[in-house]
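Please read the structure below before turning to the comments.
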Amino acid sequence: AATAGLGGLLAASLDVSDGPWRWDFATLQTAARAQLWPFALHDLSPNIGLWWYLFQELFAESRPFFGFVFLAGPLVYLGPLMHALRHRPLLLGHLLVILYNLLRPYP
C-alpha cells in the first residue's frame, strides 16, 4: 500500500511538472550552494547563535582553524553517543537532532 501511494505521488508530480525532471549541472550546483552556505561563514552579523560572537573575538588569521574546529565538534559526539545508545535508536536520533540545532552556525 505504501509503495502504491508513493508511486501515485511520483506519477502526480510527473504530471504536474510536464514530464521527467531535468537535472543539469546548474541545478546540482545551486542545490550544493544552498546546503553548504551556512558553513562558509561569510555572514558574521549578530544573531542569537554563539558563532558570531566567538568569531568577532578571534583574530582574522585564526578564523579558518576555529571554523574547522567548530564544524568538526559535533562529530566528536557522534561515536560515543552511538555506542552508548546503540539499543535506543530513537533517543539517539533525538539527541543528534538537538546537538545539530544547538551547534549549527546560524540559528
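Quick notes
- The stretch between Arg104 and Gln56 holds 15.6 nm of extra length on full extension. This uses 0.36 nm per residue minus the Cα-Cα distance.
- Chain lengthening between His87 and Ala31 when straightened (0.36 nm per residue, less Cα-Cα): 16.7 nm
Coordinate-derived values only; no laboratory data. All values derive from a computational prediction rather than experimental measurement.
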